[in-house]
Structures are given as C-alpha cells and as structure tokens.
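Worksheet for the structure shown next.
The values are calculated or read from the model by the stated rules, or taken from the named source; none is laboratory data. None of the values given here were measured: they were computed from a predicted structure. Methodologically, a virtual Cβ is constructed for each residue, glycine included, from the backbone with ideal geometry; neighbour enumeration extends over all protein chains shown.
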Amino acid sequence: MISPLQKYRYEYQPKLPEIYRAGINQIVPVTGAPTTSVADQDEVKKLFPSTYGMPEVAFAKGTNDYGKNRINVGVILSGGQAPGGHNVICGLFDALKKANPDNELIGFKGGPSGLTDDDFIVFTSEFINQYRNTGGFDIIGSGRTKLETVEQFEKVKNVCKKHDMNGIVIIGGDDSNTNAAVLAEYFAAHKVPVTVIGCPKTIDGDLKNKDIEVSFGFDTATKVYSELIGNIERDANSAKKYWHFIKLMGRSASHIALECALQTQPNICIVSEEVESKKMSLSQIIDQIAEVVAARAEDGNNFGVALIPEGLIEFIPEVKVLISELNDIVARKADEFSGLESFEDKKEFIEKLLSPASLKAFKVFPDGIKAQLLMDRDPHGNVQVSRIETEKLLIELVGDKLKQMKANGRYHGKFSSQNHFFGYEGRCSFPSNFDADYCYSLGYNAFFLMCGGFTGYLSSVRNLCRPAIEWKAGGVPITMMMNMEVRNGENKPVIRKALVDLEGKPFAYFASHRDEWARKTCFTFPGAIQYAGPAEVCDRPTITLSLEHEK
C-alpha cells in the first residue's frame, strides 16, 4: 500500500522551459565561442586534445530530425544520493519516447560498475512511472567506482557496442562528471560513436558556475535540514536549557550551512571558507563560540543553536596541513600502515612521520578524533570528514573554555549541550517542486545534447529564479570547469569545486545579520516542504539562489 503523498507525487507533471513546449522536433542547437578551462589551461588541454575548447550550447526554435532513427541510450547514477535523480531519468526517458517510441533507455545498476559489468535493466513506462517525482536512487542504485583506466573504457565500449548504444548519460557530482569528461575524451580519440553527457548532481551545492546555477538536490536537502533546524530552535526556545551543535553535510564547501542559516537565523553558523580566509586557528574558533555563549548567558539565555559545516576541520589552517600530511603518508606508506592493527600502533607510526607543526596539531585532539582522522580513506585518498565528529569536538573544547572563563569571572551561565548530524536525512526525501522540475528539465535537455552529438558536455538549465517557463536550456563543456588537483598523490584533472564566495551576496547578507542573530533569539521556522499551494510557497528557490541572481 502506498501513501497518499506518494500517489500524489506520482501524478505531478513537472514544468519545462518554454523552448521544450514547442515540440520534440522544433528545437535546434546554437553554439557560441570556444571555451577554456577555469585554470591550468595548458595541462588540461594536453589531457583532453579531442574535447578541449568546445563551445557552449544553447537551444532555439528550429526543425530537427531527432526522431528519424531509432536510438538506444544508457544512464547511470553515480556518487551519493540527491533528491530529484529519478526525475532526470524520467525526463530523459520521456524525451526519448516522444522522439521515437522505439527508442530505448537502458539503466545500468550500481553506478559506473554497472556499466563496466553490463548489469542493466531496460526501462518501460510501467517501471518508470513508479519512480516519478520520488526521492532516492533506488530505481537503479548508485556507486562510486571511478572510470579512469583503459581496461574500464574498453569494457564500456564493448557494452555500448553490444546494446547498439548511441549515448551515455552520467548523473553525478564533480568527480562523477570528471569521469564523464575522461570517458568522452577516450571515445572521441578512439572514434567510438557514443556521446557522453553529464548532469550536475550534489546536495553540497559546490558544482556550479555561471552556466550551472545550482546542482540538483541542494534545494530539497537544505529545505529538509532547515525544517529540522527550525524544529530544534523551537525546542531550544521552549526548554531554554540546551545549546544544540548541528553538523551539516558539505565536505568541501559551506553552501548547505550558509543556506540553512539564511533560512533559520541560528545564533552561530561557522563558514569554513571564512575560517580559511582569515587563517583562524582552532582555538580562535572556540573563543568565538564561547564569547557568543557567554553573551547570551548575560541575558539569561543559556541556550542556542550553532551550525557546523561537515568539512570545517579541513579548513582550519594547521589542521588542513595536518590532514594533507596524513593523506600523503597513508598513500605513500599504504602497505605498512594497513598492516597495523591497533590504534596505538597507527598513532605511533604516524607521529614519527609528521612534521613538528603537524605533530603539535595532532596532539591537541582527543584520541577519539585522532582515530577518526586515521580511518580508511575515501576513493580519492582523502580523510572521510563525515565520520569525524566535529560537533562533539567543539562542544568539548567550548566547555573547557567556558570553565576557564568562569574561573576568571567572565562567565556565569550554564552550558548543557546536545549534538546532531544532519546528512542522510536530506539525501533521499521527496524532491521539492523546484528540484522535480529542474531535474526533469536536465534529463529532457540531455536528450537534445546527445542527439546534437555534444559529447563531454554537462546539461545546463539557467535563469532558475524565474518561473520554469522562463528557464534557459543548453550545455557547457565539462573541460571548461576543470583544473588540476592532487589526488592520491598524483596531479589529476578534476572539476573545480565552487566554494562559498565571501564577496557574494548570500554571505554578505549573512555577515550583516549574524551579530544580531548571535545575541538575540531571532529564530525562524521554515516548516516542511510544501508541494501544493501558491507558487511563492511551493516553487520558491533557495535564498542563496535568489540573492545570487537578484537584480
């Protein structure tokens, strides 16, 4: 038995940009000037000789013959889940079937490994209809396998040949779409007649530029987290006895924390990019939080809410250097390190190899945090920051600081705390109307990019602060977004992450209000995502997006 909301969402009809309402055969691509990568142009161009410098693409009214021949397209979901992924597939499926009912969409299961292993399902209308406007990636599952070896590329080529495939759509974040760019380059260089298209996914919000205004899932996830934060704020203001420290997903950027702060107006929100810019030490961060706690205590408010970005610890200068050294040591000494069984042995091994400054930083942490810093690395050789309990670390150190302040007569309040981590709660929820519409448009748009032969492109839908009918569809070469970064000890081409712009309007608005929010209780309560009602309630974009594109 399905829930009433689930049934209602199945029947929702996503809104499309006006260009797509003219008909499937009434659209043609329009190309612009050649592009360059955001950095390291010579190195990126050398690695992508067949696909570098391609123009941006827009769509205009015209006549095409995209439905003339039958085509087969493969699709995978790659990386972590994000609300709306199902609708990307639905939009792609619907466009394919409208062009030619005999077209087939093949879903490869479990991410990139499904593509290399030929583990697939051929989508039908009956099957697809069970997933329209729903959250999660359970339609075919996802995975984090990287596509980077000739052996893998050859396997994918053979799978494409077996299924007579004309294109592959990779739905993922920055690393997944880097995979798409590398695969597109290999196919182009080896004359494999398969177009590779990416779609921008990540709730973290760090996959964006002037053409990719926001990655899908960010809207829904931040609204889910903001509802929960608002609930906690109401509880805090009711009980008036706890400081709630809430860690939020967002490894490399603080977009989620900033957007949730704009929606809920907490007493404290740390922005990792500001910490790095100001070269704030861990002790300075602790002092700053403690001062807010003490100031509110003077007013009789021994409660509050603090938002902590998941990746904060990597932005603290001395800790960033420490983590870089740890990643390098674990990569270089992989065999020796993996052979150590106990935490004490691992700690002793690492401490002998750290620089004096990093050893000093390492010794500041409690053993529990040290153990988390030494956990197995992610597929890119980086520490798994989501498993580091930064919120608990801050609570412990702030508590110690307040004890010192009390001993010096500078603090007279009570400090009781609760800790939370909001992450998985937002990744698979029913997508907001915005994400349902946006994702459907991205998938629909991917069909036209593929039919136009624009391999190595990312599906782009812009003008997102306006009603969906005014959205602008097109494509951007993935190489345009790339730079070189060290991964697993090697220099690799990757899509550059978009961090919070400290000169941008969203941060400026936050910075101009945070002192007031710190001292006063200014909590706001966004409530649950609304799916039916006035557009200003149900279809509204995030505050971040609105501020970034306000006239």
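Screening LEU393 against (1) crowded, with 21+ Cβ neighbours inside 10 Å; (2) at pLDDT 95 or above; (3) under 25 Å from the mean Cα position of the chain (by Cα); (4) of a type outside the set (Asp, Glu) leaves a single unmet condition, (2). State all residues of region 425-472 that are in contact with a helix residue (DSSP H, G or I) (Cβ under 8 Å, 6 or more places away or on another chain) and among the small types (Gly, Ala, Ser); if no residue qualifies, say none. Within region 425-472, GLY426, SER429, SER432, ALA436, SER441, GLY443, ALA446, GLY456, SER459, SER460, ALA468 meet the criteria.
Right, ASN25: part of a loop (DSSP other than H, G, I, E, B), in contact (Cβ under 8 Å) with a residue 60 or more places away in the chain and in the same structural domain as PRO193 (by TED's automatic domain parsing) or not?
yes
TYR131 is checked against (1) of a type in the set (Phe, Trp, Tyr); (2) part of a helix (DSSP H, G or I); (3) without any contact (Cβ under 8 Å) to a residue 60 or more places away in the chain and fails just one. What number does that condition carry? Going through (1) of a type in the set (Phe, Trp, Tyr); (2) part of a helix (DSSP H, G or I); (3) without any contact (Cβ under 8 Å) to a residue 60 or more places away in the chain one by one, TYR131 breaks only (2). Candidates LEU248, LEU207, LEU228: the one that is surrounded by fewer than 24 Cβ atoms within 10 Å (Cβ to Cβ) and under 30 Å from TYR531 (Cβ atoms) is LEU228. Working only within region 240-284, note down all residues that are farther than 30 Å from GLY217 by Cα and not basic (Lys, Arg). Those that are farther than 30 Å from GLY217 by Cα and not basic (Lys, Arg): TYR242, MET280, SER281, LEU282, SER283, GLN284. Among the residues of region 308-330, just one is within 21 Å of the chain's Cα centre (by Cα) and of a type in the set (Gly, Ala, Ser), namely GLY311. Here is the figure for region 469-490: residues that are in a strand (DSSP E or B) and touching a residue at least 12 places away in the same chain (Cβ under 8 Å) total 10. Every condition in (1) at pLDDT below 90; (2) closer than 22 Å to GLY79 by Cβ holds for ASP367 except the one numbered (2). For region 1-22, filtering for residues that are outside any loop (DSSP other than H, G, I, E, B) and surrounded by 12 or more Cβ atoms within 10 Å (Cβ to Cβ) leaves 7.
Step by step: first the residues of region 145-192, then only those that are among the basic types (Lys, Arg), under 18 Å from PHE120 (Cβ atoms) and out of contact with any helix residue (DSSP H, G or I) (no Cβ under 8 Å at 6 or more places or on another chain), then the one that is surrounded by the most Cβ atoms within 10 Å (Cβ to Cβ). Which residue is that? Top of the filtered list is LYS161. Looking at ARG387, ARG377, just one residue is crowded, with 16+ Cβ neighbours inside 10 Å and basic (Lys, Arg), and that residue is ARG377. Selection of region 62-73 for residues being touching a helix residue (DSSP H, G or I) at 6+ places or on another chain (Cβ under 7 Å) and part of a strand (DSSP E or B) yields only VAL73.
Any residue at all in region 296-318 that's without any contact (Cβ under 8 Å) to a residue 12 or more places away in the chain, in the same structural domain as LYS247 (by TED's automatic domain parsing) and not in a helix (DSSP H, G or I)? Taking every residue of region 296-318 in turn, at least one turns out to be without any contact (Cβ under 8 Å) to a residue 12 or more places away in the chain, in the same structural domain as LYS247 (by TED's automatic domain parsing) and not in a helix (DSSP H, G or I).
Give me the residue from region 425-470 that is crowded, with 24+ Cβ neighbours inside 10 Å and β-branched (Val, Ile, Thr) and, out of that set, farthest from VAL214 (Cα to Cα). Out of the qualifying residues, it is THR455. Within region 48-86, the residues that satisfy the criterion of being farther than 23 Å from ALA99 by Cβ and out of contact with any Lys or Arg (no Cβ under 9 Å at 6 or more places or on another chain) are PHE48, PRO49, SER50, THR51, MET54, PRO55, GLU56.
Taking ALA294 as the residue in question, decide whether it is at pLDDT 95 or above, surrounded by fewer than 24 Cβ atoms within 10 Å (Cβ to Cβ), over 18 Å from LEU502 (Cα atoms) and not acidic (Asp, Glu).
Answer is yes for this residue.
Being of a type in the set (Ser, Thr, Tyr), surrounded by fewer than 21 Cβ atoms within 10 Å (Cβ to Cβ) and part of a loop (DSSP other than H, G, I, E, B), is that true of even one residue in region 337-347? For region 337-347, residues of a type in the set (Ser, Thr, Tyr), surrounded by fewer than 21 Cβ atoms within 10 Å (Cβ to Cβ) and part of a loop (DSSP other than H, G, I, E, B): present. Regarding region 205-213, can at least one residue be identified that is under 21 Å from LEU312 (Cβ atoms), touching a residue at least 24 places away in the same chain (Cβ under 8 Å) and more than 25 Å from the chain's Cα centre (by Cα)? There is no residue in region 205-213 that is under 21 Å from LEU312 (Cβ atoms), touching a residue at least 24 places away in the same chain (Cβ under 8 Å) and more than 25 Å from the chain's Cα centre (by Cα).
Flag: GLY533 does not match the condition of being part of a loop (DSSP other than H, G, I, E, B), in contact (Cβ under 8 Å) with a residue 40 or more places away in the chain, over 23 Å from SER215 (Cβ atoms) and small (Gly, Ala, Ser). Note on region 504-530: residues that are assigned to a loop (DSSP other than H, G, I, E, B) and farther than 13 Å from VAL271 by Cβ amount to 11. The residues of region 349-377 that are assigned to a helix (DSSP H, G or I) and hydroxyl-bearing (Ser, Thr, Tyr) amount to a single one, SER358. Selection of region 167-203 for residues being modelled with pLDDT of 95 or more, touching a Gly at 6+ places or on another chain (Cβ under 8 Å) and charged (D, E, K, R) yields GLU185, LYS201.
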